[in-house]
Amino acid sequence: MPNKNMLANRTRNMGASAIREILKVVSRPGMISLAGGIPAPESFPMSIVREITGTVIEKYGSNAFQYDHTEGFLPLREALVDYLIEKGIDATADRILISSGSQGALDSLGKILINPGDRVALEAPTYLGALQAFAPYEPHYVQIDTDDQGMLPDALEGALSHRPVKFIYLVPNFQNPTGHTLTMKRRRAIADIIRRFDTLLVEDDPYGDLRYRGTPIPPIQTLAPDLVVYLSTLSKIFAPGLRMGFCLAPEVISHWLVLAKQGVDLHTSTFNQALAAEYLAGGYLKFHLPSIIALYRPRQEAMLDAMARFFPQSFTWSAPDGGMFVWVKGPAGMDMETVNKMAVTRMTAFVPGTFFFARPGDGMETMRLNYTMANEESLTGAVKTIGEVLQDALTQKQIYQRVG
């Protein structure tokens, strides 16, 4: 075996995804898992993929299987221009970069922006994958408080006034893990703050198209385009296995993102990009998206209805207008890791919320529930089981951590 001293110091900050480790445990037959943030296989446009596969081969021939530009397959970048225009984002194809999922872009941003000790501001809680992407580059995380309307601008301004940060990271639409959406008023306030402090914002928007109620809110990028890196993905509205992400960044950052990607994979799969180009340019997304919404909306409603019926009164939870998650908060001090182990013995699982905080030990009383991977009947049964486990846990003092 190689000597452990061969490893770079940054490996100290690299660890297995807590959620993926949980998914390994709960993957056995009969388990109802509300743990993963996974699109339902029924949402994948299989008949469309069969159709556009032939179109791609006929239209692009061997070029669809050849090396291509690091920046991305040009027809896809051109199709994304129109897609972004509908969100109010003014972009040109030469400004859009394709990545292997938005996770690839997050890692590249960490690589080109973070020096050891740099301060990175993010929501509390935040997306676990961002913490994993940034952690090897040894940042100092600055947690910004949130409520049911997203990041608190006053808290952000206070943090920036105390000491500068290298950049801010947030998920404004149906946030993972809370499901919260940043209001337009707060988007304007945050845009004003980053302009006044001349601070970069990384706006991660993987769930924005999964809206079940209400009206879409323009991205923060539209309010301060020179200070925002806008990230998104087709994983939730096409197919996650294709690993198709993209970003729009200020020019100096875009240049370095290209160089970082050249050192990793040269470019994202040309054939997969060609499929995505046809999916967008051919109007298939507009045709298929309503069926994804029609699949997920009743599942979310079933979960929320069941929680109102079966969860103890001492618990509160989010009621998002879209996305994939519901966030639950229990009494202070409750240890949801222990509660989850109790639920697993009854063939049901969730994700303890503490994994979504940058500061170890925060959020012990919280949990994230996913509703996209189970039908309404299964969701109702799973929520009933978790409610019973929570009721039992309330009487068991050993599941509480010392508070204060």
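Kindly indicate which of GLU337, GLU377, GLU388 is in contact with a Pro (Cβ under 7 Å, 6 or more places away or on another chain), open to solvent by 40 Å² or more (accessible area, probe 1.4 Å), at negative phi and outside any loop (DSSP other than H, G, I, E, B). Residue meeting the stated conditions: GLU337.
Say we look at the stretch 340-351 and pick out the residues that are of a type outside the set (Lys, Arg) and assigned to a helix (DSSP H, G or I); which of these is surrounded by the fewest Cβ atoms within 10 Å (Cβ to Cβ)? Result: MET342. How many of the residues making up the stretch 52-68 are surrounded by fewer than 14 Cβ atoms within 10 Å (Cβ to Cβ) and part of a loop (DSSP other than H, G, I, E, B)? Matching residues across the stretch 52-68 total 2. Considering the stretch 291-334, the residues that are part of a helix (DSSP H, G or I) and either of a type in the set (Lys, Arg) or modelled with pLDDT under 95 (or both) include one that is surrounded by the most Cβ atoms within 10 Å (Cβ to Cβ), namely ARG299. Restricting attention to the stretch 192-232, the residues being open to solvent by 50 Å² or more (accessible area, probe 1.4 Å), free of Cβ contacts under 8 Å to residues at least 60 places away in the same chain and either touching an Asp or Glu at 6+ places or on another chain (Cβ under 6 Å) or assigned to a loop (DSSP other than H, G, I, E, B) (or both) number 3. Test ILE253 against the stated conditions and say whether it is of a type in the set (Val, Ile, Thr), open to solvent by less than 10 Å² (accessible area, probe 1.4 Å), in contact with a strand residue (DSSP E or B) (Cβ under 8 Å, 6 or more places away or on another chain) and assigned to a helix (DSSP H, G or I). No, not satisfied. Taking the conditions exactly as written (touching a residue at least 12 places away in the same chain (Cβ under 8 Å) and open to solvent by 20 Å² or more (accessible area, probe 1.4 Å)), does TYR169 satisfy them or not? Taking the combined requirement at face value, the residue does not satisfy it.
Can you spot a residue in the stretch 322-342 that is over 24 Å from the mean Cα position of the chain (by Cα) and within 29 Å of LEU210 (Cβ to Cβ)? Yes; the residues of the stretch 322-342 include at least one that is over 24 Å from the mean Cα position of the chain (by Cα) and within 29 Å of LEU210 (Cβ to Cβ). Condition check for ALA159 on (1) at positive phi; (2) open to solvent by 10 Å² or more (accessible area, probe 1.4 Å); (3) touching a strand residue (DSSP E or B) at 6+ places or on another chain (Cβ under 6 Å): one failure, at (1). Beta carbons closer than 6 Å, at least 6 apart along the sequence or on distinct chains, pair a first residue in the stretch 239-268 that is under 30 Å from ILE52 (Cα atoms) and touching a residue at least 12 places away in the same chain (Cβ under 8 Å) with a second that is of a type in the set (D, E, K, R) and not in a loop (DSSP other than H, G, I, E, B) for LEU248/ARG95.
A single entry from GLY104, GLY88, GLY37, GLY72 fulfils the requirement of being touching a residue at least 40 places away in the same chain (Cβ under 8 Å), open to solvent by 20 Å² or more (accessible area, probe 1.4 Å) and in contact with a helix residue (DSSP H, G or I) (Cβ under 7 Å, 6 or more places away or on another chain): GLY88.
Quick check: anything in the stretch 181-190 hydroxyl-bearing (Ser, Thr, Tyr) and either open to solvent by less than 20 Å² (accessible area, probe 1.4 Å) or at positive phi (or both)?
Scanning the stretch 181-190, I find no residue that is hydroxyl-bearing (Ser, Thr, Tyr) and either open to solvent by less than 20 Å² (accessible area, probe 1.4 Å) or at positive phi (or both), so the answer is no.
The values are calculated or read from the model by the stated rules, or taken from the named source; none is laboratory data. Please read these numbers as outputs of a predicted model, since none were measured by experiment. In this analysis, Cβ positions are derived from the backbone assuming ideal geometry, glycine residues included, and neighbour counts consider all displayed protein chains. For the accessible areas, the whole protein counts, side chains as well, though only heavy atoms, and no ligand, DNA or RNA atoms are used. Shrake-Rupley method; radii C 1.70, N 1.55, O 1.52, S 1.80 Å.
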